[in-house]
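The values are calculated or read from the model by the stated rules, or taken from the named source; none is laboratory data. Source: prediction; values computed, not measured. Glycine gets a Cβ as well: all are built from the backbone with ideal geometry, and neighbour counts include every protein chain shown. Only protein heavy atoms, including side chains, enter the accessible area calculation; ligands, DNA and RNA are left aside. Shrake-Rupley method; radii C 1.70, N 1.55, O 1.52, S 1.80 Å.
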Amino acid sequence: MLYINGHFEFDKVEFAAKDFGNRYQYYPAAILHPSSVSDIAMTIKHIWKMGPGSELTVAARGHGHSLHGQAQAHQGVVINMESLQGPQMQVVHTRSFKYIDVSGGELWINILQESLKYGLTPKSWTDYLHLTVGGTLSNAGISGQAFRYGPQISNVHQLEVVTGKGDVVNCSEEQNSDLFYSVLGGLGQFGIITRAKILLEPAPTMVKWIRVLYFDFTTFTREQELLISGENTFDYIEGFVIINRTGLLNNWRSSFDPQDPVQASQFKSEGKILYCLELAKYFHHNKDNNNVNQEVKRLLSRLSYIPSTLFISEVTYVEFLDRVQVSAVKLQSKGLWEVPHPWLNLLIPKSKIKEFAEGVFGNILKETSNGPVLIYPVNKSKWDNRTSVVIPEEDIFYLVAFLTSAVPCSRGNDSLEYILTQNTRILEFCKTANLGAKQYLPHYTTRKEWQAHFGPMWETYVERKMAYDPLAILAPGQRIFKKAKPLS
């Protein structure tokens, strides 16, 4: 018998069989709504003690933003991490650094709002803030700040983790470091993150938010690489690809002001593929106004974008970081949020990015893209190779994200079937052209594919699994290991 402070739910389990990807639905036997970490630990320990004869598995579910059923557990137990009670968020100042101590089920938007009360902010973000800490730290957490600070997993001081044996372990670089690095980017395979201490820095109040366009891909990437390599540069650097989007600049006018309205109104894309460089410079209202304008002007003067396409906006720091929520609310109101999202996220080495662009943007995707296509470089030196994340070997690599939405019942190029076929073509091209690409938020269905994904790291991954979750109880939705089978 399990005595817990929270409660299990056995009837209304539908919500735990859904996620943002909206493609897989695996119903659990039960949902655990924990009120404490011990509820999670006792549940896992109970299943662990049942041994390999039991088929029960456990998945931690945050805000349900998984894409391929990764937070689902067929006939297992799904832990609703947002129910987890614990100490309130707390900002802590030590002699050498500052951090915020939070629950693994806390949303990043709430962490931002709490840390700003102290004039502080986390250093690294994802583009969308309505995600849980445990969810993003189990992957990496990448956005336009990653070139400078690395992903979110490079900015964690300490974790509290429940392993696949039901042990509650505090871990950091100094203490239980192997578990610490295993769990960061570990796809939930080695433990459930129940608390995290996230590093903070002084927060700005305002943001100069800038967009410019390029016709030439080589110039676009060269200048992105120039910007991420500089000391005095922008604070956020991303980019996206625009395919067959006429009237785009007019859409921007609701949020941005063109530097030259007359020239902007005369701009014609002539059906060409365009590349948008998106930049942000942080500053303090009133205090830095003149300086930031001069600094932005100086940085932009080094770039060769199309002059008539310079658009600038001035927004608060919170408005900038939470910008995707505006679109999300619009989509939700139109019933377009809960559609299939067959997203594909890739990490491409710098030396192969031109070949990738020619093959994908110039061939596979040349007609349309049913959703944003992000593309921006990051510095490998800001990533820690002790974590479980697999990244390309080169000093600079690109995130390329195809953030597509499928239209239900469509038979056209916005249908789920069409987009999945397109994704397969992109992956096949990467493989055939030997680009050295790696999937971010990886999704594979066979052991062989996972072994190829991890490459030389596979043996370490298996050893970590044997050490922390030998019965393969955790995160069955990733489909890396099967329960009750030898892992070797």
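In region 1-17, the residues that are at pLDDT 95 or above reach residues that are surrounded by 13 or more Cβ atoms within 10 Å (Cβ to Cβ) and basic (Lys, Arg) with C-beta atoms within less than 8 angstrom, at least six apart or across chains, in these pairs: ALA16/ARG61. Given the criteria modelled with pLDDT under 95, open to solvent by less than 40 Å² (accessible area, probe 1.4 Å) and farther than 29 Å from SER124 by Cβ, does SER269 qualify? Here the answer is yes, as SER269 does meet what is asked. Out of region 328-387, which residues are over 21 Å from the mean Cα position of the chain (by Cα), within 22 Å of PHE215 (Cα to Cα) and polar (S, T, N, Q)? Result: SER351, ASN363, THR368.
The residues listed here are VAL326, VAL315, VAL339; of these, the one that is open to solvent by 30 Å² or more (accessible area, probe 1.4 Å) and either touching a Ser or Thr at 6+ places or on another chain (Cβ under 8 Å) or over 30 Å from GLU417 (Cβ atoms) (or both) is VAL326. Of the helices (runs of 4 or more DSSP H) lying entirely inside region 173-272, those containing at least 2 residues that are under 30 Å from ARG386 (Cβ atoms) and polar (S, T, N, Q) are 177-183, 217-229. Inspection of region 195-203 identifies no residue that is surrounded by 21 or more Cβ atoms within 10 Å (Cβ to Cβ) and at positive phi. A search for C-beta distances below 6 Å between a residue of region 409-431 that is open to solvent by less than 40 Å² (accessible area, probe 1.4 Å) and any residue that is not aliphatic (A, V, I, L, M) and not in a helix (DSSP H, G or I), counting only pairs 6+ apart in sequence or on different chains, returns ILE419/PRO342; ILE419/THR404.
The residue list LYS197, LYS208 contains one member that is among the basic types (Lys, Arg), more than 18 Å from ALA280 (Cβ to Cβ) and modelled with pLDDT of 95 or more, which is LYS197.
Inclusion of THR446 among residues that are over 30 Å from LEU331 (Cα atoms) and out of contact with any strand residue (DSSP E or B) (no Cβ under 7 Å at 6 or more places or on another chain) is warranted.
The requirement of being in a helix (DSSP H, G or I), open to solvent by less than 10 Å² (accessible area, probe 1.4 Å), over 22 Å from LEU199 (Cα atoms) and among the aliphatic types (A, V, I, L, M) is fulfilled somewhere in region 1-16, by at least one residue. Applying the condition of being without any contact (Cβ under 8 Å) to a residue 12 or more places away in the chain and of a type in the set (A, V, I, L, M, F, W, C) to region 432-459 and asking which residue is surrounded by the fewest Cβ atoms within 10 Å (Cβ to Cβ) yields ALA452.
Listed here are the residues, each with its yes/no results for (1) outside any strand (DSSP E or B); (2) within 14 Å of VAL156 (Cβ to Cβ); (3) of a type in the set (Val, Ile, Thr).
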site: VAL78; (1), (2), (3): no, no, yes
site: GLU82; (1), (2), (3): yes, no, no
site: GLY86; (1), (2), (3): yes, no, no
site: VAL91; (1), (2), (3): no, no, yes
site: SER96; (1), (2), (3): yes, no, no
site: ILE100; (1), (2), (3): no, yes, yes
site: ILE109; (1), (2), (3): yes, no, yes
site: LEU112; (1), (2), (3): yes, no, no
site: SER115; (1), (2), (3): yes, no, no
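Of all residues in region 345-354, one or more are touching a helix residue (DSSP H, G or I) at 6+ places or on another chain (Cβ under 9 Å), within 22 Å of TYR440 (Cα to Cα), open to solvent by 70 Å² or more (accessible area, probe 1.4 Å) and modelled with pLDDT of 95 or more. Annotation: of all residues in region 66-117 being in contact (Cβ under 8 Å) with a residue 40 or more places away in the chain and hydroxyl-bearing (Ser, Thr, Tyr), the one that is least open to solvent (accessible area, probe 1.4 Å) is SER115.
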